[in-house]
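S.K.: Handing you this structure, nothing more for now.
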Amino acid sequence: MSMNQKKKLRIRALRILPALALTAALLFSLLCAPLPAGAAYDLPEDVSISARSALVVALGPTQAEDTVLYELDADAMKSPAALVRLMVGAVAIEQIRQKDIDMDNTTGTYTIDCFNRIAGTGLTTANMEFGETWTVRDLLSMSMIQTAADACVTLAVTLCGSEEQFVAEMNATAQEIGCENTSFANVTGIDHINQYTSARDIYRIMRYAMDFPEFEPLLSATEYTAVPVSGGKGNHSLPNTNDLCRPTSAYYYSPLSYGKTGYTDSAGRCLASVARDSGYEYLVVVLGCPEKNSEGESGVHFRDTETLYRWAFNNFTYKTLLSKNEPVAQLPVRLAWDQDTVTLVPETNFSATVANDLDPSTILKKATLNAEAVDAPVTKGEVLGKVELFINVDQKIGEVNLVASESVERSEILSLWAQVQSFLSSPWFYGGLALLAVLLIGYIILNIVHNRRRRRRRMKRVKKYK
(Lines give C-alpha, C1' and ligand atoms only; values in the text may rest on other atoms or scores of the structure.)
Protein backbone atom coordinates (compact mmCIF):
# COMPACT_ATOMS: atom_id res chain seq x y z
CA MET A 1 0.00 0.00 0.00
CA SER A 2 1.44 3.41 -1.00
CA MET A 3 1.93 6.33 1.41
CA ASN A 4 -0.92 8.24 -0.30
CA GLN A 5 -3.28 5.27 0.05
CA LYS A 6 -2.39 4.89 3.74
CA LYS A 7 -2.97 8.61 4.25
CA LYS A 8 -6.36 8.44 2.52
CA LEU A 9 -7.38 5.60 4.80
CA ARG A 10 -6.36 7.66 7.84
CA ILE A 11 -8.31 10.63 6.49
CA ARG A 12 -11.45 8.53 6.08
CA ALA A 13 -11.06 7.17 9.59
CA LEU A 14 -10.63 10.64 11.01
CA ARG A 15 -13.66 12.00 9.14
CA ILE A 16 -16.02 9.38 10.51
CA LEU A 17 -15.02 9.83 14.13
CA PRO A 18 -18.10 11.15 15.91
CA ALA A 19 -17.83 14.55 17.50
CA LEU A 20 -18.78 13.03 20.84
CA ALA A 21 -15.70 10.80 20.79
CA LEU A 22 -13.44 13.73 20.02
CA THR A 23 -15.00 15.75 22.81
CA ALA A 24 -14.56 12.89 25.28
CA ALA A 25 -10.94 12.48 24.22
CA LEU A 26 -10.31 16.16 24.79
CA LEU A 27 -11.89 16.14 28.25
CA PHE A 28 -9.98 12.98 29.20
CA SER A 29 -6.70 14.48 28.01
CA LEU A 30 -7.34 17.66 29.96
CA LEU A 31 -7.88 15.65 33.13
CA CYS A 32 -5.12 13.09 32.55
CA ALA A 33 -2.54 14.99 30.49
CA PRO A 34 0.93 13.46 30.77
CA LEU A 35 3.60 15.39 32.62
CA PRO A 36 5.76 17.38 30.21
CA ALA A 37 9.28 16.16 29.66
CA GLY A 38 11.73 18.15 31.73
CA ALA A 39 13.68 20.79 29.87
CA ALA A 40 17.40 21.09 30.29
CA TYR A 41 17.37 24.60 31.76
CA ASP A 42 15.31 27.03 33.80
CA LEU A 43 15.15 30.75 33.12
CA PRO A 44 17.37 32.80 35.42
CA GLU A 45 15.70 34.93 38.07
CA ASP A 46 16.16 38.14 36.08
CA VAL A 47 14.39 36.68 33.00
CA SER A 48 10.62 36.23 33.03
CA ILE A 49 7.78 35.81 30.54
CA SER A 50 4.00 36.18 30.70
CA ALA A 51 3.04 33.33 28.32
CA ARG A 52 1.02 30.42 29.73
CA SER A 53 2.91 27.94 27.54
CA ALA A 54 6.30 28.22 25.84
CA LEU A 55 9.07 26.23 24.17
CA VAL A 56 12.62 27.13 23.12
CA VAL A 57 14.45 24.71 20.82
CA ALA A 58 17.99 24.92 19.44
CA LEU A 59 17.66 23.64 15.88
CA GLY A 60 20.24 21.16 14.66
CA PRO A 61 20.97 19.93 11.12
CA THR A 62 18.04 17.48 11.54
CA GLN A 63 15.09 17.25 13.89
CA ALA A 64 16.76 14.35 15.69
CA GLU A 65 19.61 16.70 16.60
CA ASP A 66 17.40 19.48 18.00
CA THR A 67 17.81 20.38 21.68
CA VAL A 68 15.00 21.63 23.92
CA LEU A 69 16.46 24.40 26.06
CA TYR A 70 13.36 25.60 27.89
CA GLU A 71 9.73 24.65 28.17
CA LEU A 72 6.73 25.87 30.09
CA ASP A 73 3.65 23.62 30.08
CA ALA A 74 4.65 22.64 26.55
CA ASP A 75 2.25 19.69 26.27
CA ALA A 76 -0.84 21.49 27.55
CA MET A 77 -3.63 21.67 24.96
CA LYS A 78 -4.37 25.23 23.86
CA SER A 79 -6.46 26.86 21.18
CA PRO A 80 -4.07 27.53 18.27
CA ALA A 81 -5.90 30.59 16.91
CA ALA A 82 -4.24 31.60 13.63
CA LEU A 83 -1.22 29.37 14.32
CA VAL A 84 -3.41 26.78 12.62
CA ARG A 85 -2.13 28.40 9.41
CA LEU A 86 1.26 26.76 9.96
CA MET A 87 -0.40 23.43 9.19
CA VAL A 88 -2.55 25.03 6.49
CA GLY A 89 0.62 26.22 4.74
CA ALA A 90 2.34 22.84 5.03
CA VAL A 91 -0.67 20.88 3.76
CA ALA A 92 -1.31 23.38 0.95
CA ILE A 93 2.26 23.06 -0.30
CA GLU A 94 1.98 19.28 -0.03
CA GLN A 95 -1.26 19.28 -2.05
CA ILE A 96 0.22 21.60 -4.66
CA ARG A 97 3.15 19.25 -5.10
CA GLN A 98 1.11 16.04 -5.13
CA LYS A 99 -1.38 17.38 -7.66
CA ASP A 100 1.28 19.20 -9.72
CA ILE A 101 -0.65 22.46 -9.45
CA ASP A 102 0.66 25.55 -11.22
CA MET A 103 0.38 28.18 -8.47
CA ASP A 104 0.38 31.09 -10.90
CA ASN A 105 -2.20 29.72 -13.36
CA THR A 106 -4.55 27.67 -11.16
CA THR A 107 -7.22 29.89 -9.63
CA GLY A 108 -9.91 29.87 -6.96
CA THR A 109 -13.05 31.96 -6.63
CA TYR A 110 -14.42 33.57 -3.47
CA THR A 111 -18.01 32.32 -3.24
CA ILE A 112 -21.03 32.89 -1.00
CA ASP A 113 -20.31 29.54 0.68
CA CYS A 114 -16.80 30.74 1.56
CA PHE A 115 -18.29 33.96 2.93
CA ASN A 116 -20.83 32.10 5.06
CA ARG A 117 -18.03 30.18 6.78
CA ILE A 118 -16.46 33.35 8.18
CA ALA A 119 -19.41 35.73 8.42
CA GLY A 120 -19.88 37.16 11.91
CA THR A 121 -16.68 35.65 13.29
CA GLY A 122 -14.69 38.89 13.44
CA LEU A 123 -11.73 37.16 11.79
CA THR A 124 -9.16 39.17 9.83
CA THR A 125 -9.84 39.13 6.09
CA ALA A 126 -8.32 40.44 2.87
CA ASN A 127 -11.63 42.15 2.06
CA MET A 128 -12.28 39.83 -0.85
CA GLU A 129 -15.57 40.26 -2.72
CA PHE A 130 -17.95 37.65 -4.15
CA GLY A 131 -16.88 36.44 -7.55
CA GLU A 132 -13.26 37.55 -7.28
CA THR A 133 -10.86 34.99 -8.73
CA TRP A 134 -7.31 34.63 -7.40
CA THR A 135 -4.27 32.54 -8.19
CA VAL A 136 -3.37 29.79 -5.74
CA ARG A 137 -0.13 31.65 -4.99
CA ASP A 138 -2.05 34.76 -3.92
CA LEU A 139 -4.54 32.77 -1.86
CA LEU A 140 -1.76 30.93 -0.04
CA SER A 141 0.31 34.07 0.55
CA MET A 142 -2.63 36.09 1.87
CA SER A 143 -3.65 33.20 4.11
CA MET A 144 -0.24 33.15 5.75
CA ILE A 145 1.10 36.66 5.95
CA GLN A 146 -2.04 38.33 7.34
CA THR A 147 -4.14 35.33 8.36
CA ALA A 148 -6.81 36.41 5.87
CA ALA A 149 -9.72 34.05 6.62
CA ASP A 150 -11.51 34.64 3.32
CA ALA A 151 -8.40 33.72 1.34
CA CYS A 152 -7.76 30.68 3.53
CA VAL A 153 -11.23 29.15 3.09
CA THR A 154 -11.07 29.81 -0.65
CA LEU A 155 -7.66 28.13 -0.77
CA ALA A 156 -8.94 25.04 1.06
CA VAL A 157 -11.92 24.67 -1.30
CA THR A 158 -9.71 25.21 -4.35
CA LEU A 159 -7.15 22.57 -3.37
CA CYS A 160 -9.37 19.89 -1.83
CA GLY A 161 -12.94 20.60 -2.91
CA SER A 162 -14.11 21.56 0.58
CA GLU A 163 -12.83 22.90 3.87
CA GLU A 164 -13.79 19.61 5.56
CA GLN A 165 -11.59 17.57 3.21
CA PHE A 166 -8.70 19.99 3.68
CA VAL A 167 -9.06 19.73 7.49
CA ALA A 168 -9.03 15.95 7.18
CA GLU A 169 -5.70 16.26 5.37
CA MET A 170 -4.42 18.48 8.18
CA ASN A 171 -5.39 15.95 10.84
CA ALA A 172 -3.83 13.10 8.87
CA THR A 173 -0.58 15.03 8.54
CA ALA A 174 -0.59 15.91 12.25
CA GLN A 175 -0.89 12.23 13.09
CA GLU A 176 1.80 11.32 10.57
CA ILE A 177 4.41 13.69 12.03
CA GLY A 178 3.81 12.62 15.62
CA CYS A 179 1.61 15.37 17.06
CA GLU A 180 0.22 14.05 20.35
CA ASN A 181 -2.10 16.83 21.52
CA THR A 182 -3.48 18.27 18.29
CA SER A 183 -6.82 18.23 16.50
CA PHE A 184 -8.10 20.56 13.78
CA ALA A 185 -11.69 21.51 13.02
CA ASN A 186 -11.25 24.47 10.63
CA VAL A 187 -8.62 26.33 8.63
CA THR A 188 -9.38 29.82 9.93
CA GLY A 189 -8.28 29.48 13.55
CA ILE A 190 -11.63 30.28 15.09
CA ASP A 191 -12.06 28.60 18.50
CA HIS A 192 -13.70 25.17 18.45
CA ILE A 193 -13.85 22.40 21.05
CA ASN A 194 -12.25 20.00 18.56
CA GLN A 195 -9.48 22.44 17.59
CA TYR A 196 -6.47 22.41 19.90
CA THR A 197 -2.72 21.95 19.91
CA SER A 198 0.30 22.39 22.17
CA ALA A 199 3.57 24.30 22.07
CA ARG A 200 5.47 21.07 21.44
CA ASP A 201 3.15 20.08 18.58
CA ILE A 202 3.50 23.55 17.05
CA TYR A 203 7.24 22.92 17.04
CA ARG A 204 6.67 19.57 15.29
CA ILE A 205 4.46 21.24 12.68
CA MET A 206 6.96 24.01 12.00
CA ARG A 207 9.83 21.51 11.82
CA TYR A 208 7.85 19.54 9.24
CA ALA A 209 6.96 22.64 7.23
CA MET A 210 10.58 23.81 7.20
CA ASP A 211 11.39 20.94 4.85
CA PHE A 212 9.46 22.80 2.14
CA PRO A 213 11.56 25.63 0.62
CA GLU A 214 8.33 27.47 -0.25
CA PHE A 215 7.30 27.75 3.41
CA GLU A 216 9.65 30.38 4.84
CA PRO A 217 9.02 33.08 2.18
CA LEU A 218 5.29 32.92 3.01
CA LEU A 219 5.99 34.19 6.53
CA SER A 220 9.10 36.33 6.19
CA ALA A 221 7.95 39.15 3.88
CA THR A 222 7.03 42.45 5.52
CA GLU A 223 3.97 42.73 3.27
CA TYR A 224 2.34 41.08 0.29
CA THR A 225 0.51 42.64 -2.64
CA ALA A 226 -2.09 40.54 -4.47
CA VAL A 227 -4.14 41.30 -7.56
CA PRO A 228 -7.34 39.37 -8.40
CA VAL A 229 -7.27 37.66 -11.78
CA SER A 230 -10.87 38.72 -12.45
CA GLY A 231 -13.77 40.43 -10.73
CA GLY A 232 -11.57 42.58 -8.51
CA LYS A 233 -11.30 46.28 -7.88
CA GLY A 234 -7.54 46.68 -7.54
CA ASN A 235 -4.54 45.58 -5.56
CA HIS A 236 -4.74 44.18 -2.05
CA SER A 237 -1.67 45.11 -0.02
CA LEU A 238 -1.42 43.12 3.22
CA PRO A 239 1.15 43.82 5.96
CA ASN A 240 2.75 41.00 7.97
CA THR A 241 1.02 40.62 11.34
CA ASN A 242 4.36 39.66 12.91
CA ASP A 243 5.81 42.99 14.06
CA LEU A 244 9.14 41.37 14.89
CA CYS A 245 9.69 41.04 11.12
CA ARG A 246 8.89 44.63 10.20
CA PRO A 247 11.72 47.20 10.48
CA THR A 248 9.18 50.01 10.92
CA SER A 249 7.71 48.39 14.03
CA ALA A 250 8.71 49.24 17.59
CA TYR A 251 9.02 45.48 18.20
CA TYR A 252 11.39 44.81 15.28
CA TYR A 253 13.99 42.13 16.12
CA SER A 254 16.60 41.76 13.37
CA PRO A 255 17.67 38.12 14.02
CA LEU A 256 14.08 36.92 13.54
CA SER A 257 13.74 35.19 10.17
CA TYR A 258 10.02 34.40 10.06
CA GLY A 259 7.05 33.56 12.23
CA LYS A 260 3.28 33.38 12.59
CA THR A 261 1.02 35.21 15.01
CA GLY A 262 -2.39 34.20 16.31
CA TYR A 263 -5.11 35.61 18.54
CA THR A 264 -8.55 34.82 19.88
CA ASP A 265 -10.08 35.65 23.23
CA SER A 266 -9.61 32.05 24.31
CA ALA A 267 -6.12 31.53 22.88
CA GLY A 268 -4.65 34.86 23.91
CA ARG A 269 -1.73 36.26 21.96
CA CYS A 270 0.41 33.56 20.30
CA LEU A 271 3.55 33.51 18.20
CA ALA A 272 5.70 30.76 16.70
CA SER A 273 8.92 31.83 15.01
CA VAL A 274 12.51 31.09 14.00
CA ALA A 275 15.53 33.35 14.51
CA ARG A 276 19.09 33.04 13.20
CA ASP A 277 22.27 34.80 14.26
CA SER A 278 26.01 34.02 14.15
CA GLY A 279 25.42 30.50 12.86
CA TYR A 280 22.82 29.64 15.53
CA GLU A 281 19.17 28.90 14.82
CA TYR A 282 16.44 28.81 17.45
CA LEU A 283 12.70 28.16 17.36
CA VAL A 284 10.45 29.80 19.96
CA VAL A 285 6.76 29.19 20.60
CA VAL A 286 4.72 31.30 23.06
CA LEU A 287 1.02 30.62 23.64
CA GLY A 288 -1.60 32.32 25.80
CA CYS A 289 0.08 35.69 26.25
CA PRO A 290 -2.13 38.39 27.85
CA GLU A 291 -2.85 41.72 26.24
CA LYS A 292 -0.57 43.43 28.76
CA ASN A 293 2.12 42.21 31.11
CA SER A 294 2.47 42.99 34.82
CA GLU A 295 4.06 46.33 33.96
CA GLY A 296 1.14 47.35 31.74
CA GLU A 297 3.06 46.90 28.48
CA SER A 298 1.29 45.63 25.36
CA GLY A 299 2.72 43.41 22.62
CA VAL A 300 3.45 40.74 25.23
CA HIS A 301 3.85 37.89 22.70
CA PHE A 302 6.51 39.94 20.88
CA ARG A 303 8.27 40.86 24.13
CA ASP A 304 8.23 37.29 25.44
CA THR A 305 9.57 35.95 22.15
CA GLU A 306 12.43 38.43 22.03
CA THR A 307 13.23 37.76 25.70
CA LEU A 308 13.55 34.04 25.05
CA TYR A 309 15.66 34.56 21.93
CA ARG A 310 18.07 36.91 23.74
CA TRP A 311 18.40 34.41 26.59
CA ALA A 312 19.18 31.61 24.10
CA PHE A 313 21.62 33.55 21.95
CA ASN A 314 23.52 34.93 24.95
CA ASN A 315 23.77 31.82 27.12
CA PHE A 316 24.32 28.81 24.88
CA THR A 317 27.07 27.42 22.70
CA TYR A 318 27.28 24.56 20.24
CA LYS A 319 30.01 22.26 21.57
CA THR A 320 31.52 18.89 20.72
CA LEU A 321 30.86 16.83 23.84
CA LEU A 322 32.09 13.44 22.65
CA SER A 323 34.90 12.79 20.19
CA LYS A 324 34.74 10.06 17.58
CA ASN A 325 37.87 8.29 18.86
CA GLU A 326 37.20 8.69 22.59
CA PRO A 327 37.17 5.28 24.38
CA VAL A 328 33.86 4.75 26.17
CA ALA A 329 33.64 1.07 27.10
CA GLN A 330 35.33 -2.34 26.83
CA LEU A 331 33.46 -5.37 25.53
CA PRO A 332 34.74 -8.93 26.18
CA VAL A 333 35.62 -10.86 23.03
CA ARG A 334 35.48 -14.64 22.70
CA LEU A 335 37.25 -16.90 20.18
CA ALA A 336 40.21 -14.53 19.72
CA TRP A 337 43.65 -16.03 20.46
CA ASP A 338 45.51 -12.99 21.77
CA GLN A 339 42.77 -10.46 22.61
CA ASP A 340 40.16 -10.61 25.35
CA THR A 341 38.36 -7.27 24.82
CA VAL A 342 37.61 -4.68 22.17
CA THR A 343 37.43 -0.95 22.84
CA LEU A 344 34.17 0.78 21.91
CA VAL A 345 34.20 4.37 20.64
CA PRO A 346 31.45 6.74 19.38
CA GLU A 347 30.40 6.19 15.78
CA THR A 348 30.57 9.95 15.17
CA ASN A 349 31.42 13.09 17.06
CA PHE A 350 28.53 14.20 19.24
CA SER A 351 27.79 17.91 19.47
CA ALA A 352 24.91 19.81 21.05
CA THR A 353 23.86 23.26 22.15
CA VAL A 354 24.61 23.59 25.86
CA ALA A 355 25.07 26.33 28.44
CA ASN A 356 28.22 28.41 27.98
CA ASP A 357 29.48 27.50 31.45
CA LEU A 358 28.87 23.76 31.20
CA ASP A 359 31.83 21.77 32.52
CA PRO A 360 32.30 18.80 30.11
CA SER A 361 33.54 16.67 33.01
CA THR A 362 30.07 16.87 34.59
CA ILE A 363 28.43 15.15 31.61
CA LEU A 364 27.26 11.66 32.54
CA LYS A 365 27.95 9.04 29.86
CA LYS A 366 25.83 5.89 30.17
CA ALA A 367 26.94 3.04 27.92
CA THR A 368 24.49 0.29 26.97
CA LEU A 369 26.02 -2.72 25.19
CA ASN A 370 24.15 -5.02 22.84
CA ALA A 371 25.51 -8.10 24.63
CA GLU A 372 27.68 -9.07 27.58
CA ALA A 373 30.33 -10.39 25.18
CA VAL A 374 30.84 -10.81 21.45
CA ASP A 375 32.33 -13.63 19.39
CA ALA A 376 35.20 -12.91 17.02
CA PRO A 377 35.51 -11.99 14.24
CA VAL A 378 34.73 -8.34 15.03
CA THR A 379 34.84 -5.73 12.24
CA LYS A 380 36.10 -2.23 12.87
CA GLY A 381 33.10 0.14 12.94
CA GLU A 382 30.62 -2.62 13.84
CA VAL A 383 27.81 -1.24 16.04
CA LEU A 384 27.95 -2.97 19.42
CA GLY A 385 26.00 -0.60 21.68
CA LYS A 386 25.17 3.03 22.37
CA VAL A 387 26.12 5.77 24.80
CA GLU A 388 23.62 8.27 26.22
CA LEU A 389 24.71 11.67 27.49
CA PHE A 390 23.08 13.36 30.47
CA ILE A 391 23.46 16.73 32.15
CA ASN A 392 21.94 17.79 35.45
CA VAL A 393 22.09 14.10 36.45
CA ASP A 394 18.94 12.98 34.60
CA GLN A 395 18.50 15.32 31.62
CA LYS A 396 19.31 13.39 28.46
CA ILE A 397 20.77 15.54 25.71
CA GLY A 398 21.45 12.86 23.14
CA GLU A 399 22.91 9.50 22.26
CA VAL A 400 25.29 8.00 19.72
CA ASN A 401 26.12 4.45 18.61
CA LEU A 402 29.19 2.73 20.02
CA VAL A 403 31.33 0.85 17.50
CA ALA A 404 34.40 -1.37 17.59
CA SER A 405 37.59 0.67 17.42
CA GLU A 406 39.47 -2.13 15.66
CA SER A 407 38.96 -5.46 13.95
CA VAL A 408 39.51 -8.69 15.89
CA GLU A 409 40.25 -11.93 14.04
CA ARG A 410 38.86 -15.31 15.03
CA SER A 411 41.10 -18.18 16.13
CA GLU A 412 40.07 -21.31 14.20
CA ILE A 413 41.42 -23.56 16.97
CA LEU A 414 39.38 -21.76 19.64
CA SER A 415 36.40 -21.69 17.30
CA LEU A 416 36.62 -25.46 16.77
CA TRP A 417 37.03 -26.08 20.48
CA ALA A 418 34.05 -23.82 21.18
CA GLN A 419 31.98 -25.86 18.74
CA VAL A 420 33.03 -29.07 20.48
CA GLN A 421 32.17 -27.58 23.87
CA SER A 422 28.87 -26.33 22.49
CA PHE A 423 28.04 -29.79 21.17
CA LEU A 424 29.10 -31.47 24.42
CA SER A 425 26.76 -29.20 26.35
CA SER A 426 23.90 -29.33 23.86
CA PRO A 427 20.64 -31.26 24.26
CA TRP A 428 21.62 -33.28 21.19
CA PHE A 429 24.71 -34.62 22.95
CA TYR A 430 22.79 -35.55 26.08
CA GLY A 431 20.02 -36.99 23.96
CA GLY A 432 22.57 -39.10 22.13
CA LEU A 433 24.03 -40.32 25.40
CA ALA A 434 20.56 -41.23 26.62
CA LEU A 435 19.82 -43.08 23.38
CA LEU A 436 23.15 -44.92 23.62
CA ALA A 437 22.38 -45.86 27.22
CA VAL A 438 18.94 -47.18 26.19
CA LEU A 439 20.49 -49.19 23.37
CA LEU A 440 23.16 -50.55 25.69
CA ILE A 441 20.61 -51.54 28.31
CA GLY A 442 18.49 -53.10 25.58
CA TYR A 443 21.49 -54.99 24.31
CA ILE A 444 22.29 -56.27 27.80
CA ILE A 445 18.69 -57.35 28.35
CA LEU A 446 18.59 -59.11 24.99
CA ASN A 447 21.83 -60.88 25.82
CA ILE A 448 20.49 -62.02 29.16
CA VAL A 449 17.28 -63.29 27.56
CA HIS A 450 19.22 -64.98 24.77
CA ASN A 451 21.63 -66.67 27.19
CA ARG A 452 18.78 -67.92 29.36
CA ARG A 453 17.13 -69.46 26.30
CA ARG A 454 20.38 -71.15 25.30
CA ARG A 455 20.80 -72.61 28.77
CA ARG A 456 17.24 -73.93 28.75
CA ARG A 457 17.74 -75.59 25.37
CA ARG A 458 21.01 -77.09 26.56
CA MET A 459 19.35 -78.44 29.69
CA LYS A 460 16.56 -79.98 27.61
CA ARG A 461 19.08 -81.78 25.42
CA VAL A 462 20.94 -83.11 28.44
CA LYS A 463 17.71 -84.47 29.96
CA LYS A 464 16.79 -86.07 26.67
CA TYR A 465 19.91 -88.23 26.54
CA LYS A 466 19.87 -89.35 30.16
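The values are calculated or read from the model by the stated rules, or taken from the named source; none is laboratory data. The structure displayed is predicted, hence computed values, not measured ones. Here the Cβ is made from the backbone with ideal geometry for all residues, glycine too, and neighbour counts use every protein chain on show. All accessible areas refer to the heavy atoms of the entire protein, side chains included, with ligands and DNA or RNA removed. Shrake-Rupley method; radii C 1.70, N 1.55, O 1.52, S 1.80 Å.
S.K.: Once the Cα atoms of helix 412-424 and of the chain are each reduced to a long axis, what angle between those two axes, in degrees from 0 to 90 to the nearest 10, is obtained?
M.R.: 70 degrees
S.K.: Next question, about the same structure. In whole percent, how big is the carbon plus sulfur part of the accessible area of the chain, probe 1.4 Å, protein atoms only?
M.R.: Reported share for carbon and sulfur atoms: 53 percent.
S.K.: Could you work out how far apart the two model spin labels at Asn325 and Glu223 are, taking each label as a point 7 Å from the Cα in the direction of the beta carbon, and quote it in nm?
M.R.: According to this spin-label approximation, the distance is 5.9 nm.
S.K.: Applying 1/(1 + (r/R0)^6) with R0 = 41 Å to the Cβ-Cβ distance of Glu409 and Ala355, what FRET efficiency is obtained, to the nearest 0.05?
M.R.: 0.35
S.K.: Then there's this: Take each of the peptides 110-120, 77-87, 62-72, average the number of other beta-carbon atoms within 10 Å over its residues, and list them starting from the highest.
M.R.: 77-87, 62-72, 110-120
S.K.: To continue, here is another question. Within the set of other residues whose C-beta is less than 10 Å from the C-beta of Arg410, count the net charge using Lys and Arg as +1 and Asp and Glu as -1.
M.R.: Within the 10 Å Cβ shell, the charges total -2.
S.K.: Could you work out how far helix 3-15 tilts from the main Cα principal axis of the chain, as a 0 to 90 degree angle to the nearest 10?
M.R.: Here the helix axis deviates by roughly 70 degrees.
S.K.: Another one. Got the relative contact order for the chain handy, in percent, Cα pairs under 8 Å and 6 or more residues apart?
M.R.: Result for the chain is 13 percent.
S.K.: Additional query: Taking the Cα centroid of segment 42-104 and of segment 329-402, what is the distance between the two, rounded to the nearest whole Å?
M.R.: Answer, in whole Å: 33.
S.K.: Rolling a 1.4 angstrom probe over the protein heavy atoms, how many square angstrom per residue are accessible across segment 112-168?
M.R.: 32 Å²
S.K.: Something else about it: How much length is gained on full extension from Tyr430 to Thr343, taking 0.36 nm per residue of separation minus their Cα-Cα distance?
M.R.: Stretched fully, the Tyr430-Thr343 segment lengthens by 27.5 nm.
S.K.: What shape does segment 334-440 take by its C-alpha gyration tensor, where a ≥ b ≥ c are the square roots of the eigenvalues and a/c under 1.5 counts as rounded, a/b above b/c as prolate, and the rest as oblate?
M.R.: prolate
S.K.: Once you treat every alpha carbon in the chain as an equal point and sum by Debye, what is log10 I(q)/I(0) at q = 0.06, 0.08 Å⁻¹?
M.R.: -0.42, -0.62
S.K.: Moving on. Pull out the extension gain between Ser48 and Asp394, defined as 0.36 nm times the separation in residues minus the alpha carbon to alpha carbon distance; nm, one decimal.
M.R.: Result: 122.1 nm gained on full extension.
S.K.: Could you tell me the calculated FRET efficiency between Phe212 and Ser237, based on Cβ-Cβ distance and R0 = 30 angstrom, to the nearest 0.05?
M.R.: So, using R0 = 30 Å, E works out to roughly 0.75.
S.K.: Going by alpha carbons, how many degrees (0 to 90, nearest 10) lie between the helix axis of 149-160 and the longest principal axis of the chain?
M.R.: Between helix and principal axis, roughly 40 degrees.
S.K.: Now, a different point. What is segment 182-258 by shape, rounded, prolate or oblate, if you read a ≥ b ≥ c off the alpha carbon gyration tensor as root eigenvalues and call it rounded for a/c under 1.5, prolate for a/b larger than b/c, and oblate otherwise?
M.R.: Oblate is the answer for segment 182-258, as a/c is 1.5 or above yet b/c matches or exceeds a/b.
S.K.: Please state the shape class of segment 139-294: rounded when a/c is under 1.5, otherwise prolate if a/b exceeds b/c and oblate if not, all from the C-alpha gyration tensor.
M.R.: Rounded shape, in that the Cα axes give a/c under 1.5.
S.K.: Now a separate question. May I ask you to give the solvent-accessible area per residue for segment 185-304, in square angstrom, as obtained with a 1.4 angstrom probe?
M.R.: 40 Å²
S.K.: Take the eigenvalues of the Cα gyration tensor for segment 86-168, scale each by 5, and report the square roots as semi-axes in whole Å, largest first.
M.R.: Over the Cα atoms of segment 86-168, the ellipsoid semi-axes are 19, 13, 12 Å.
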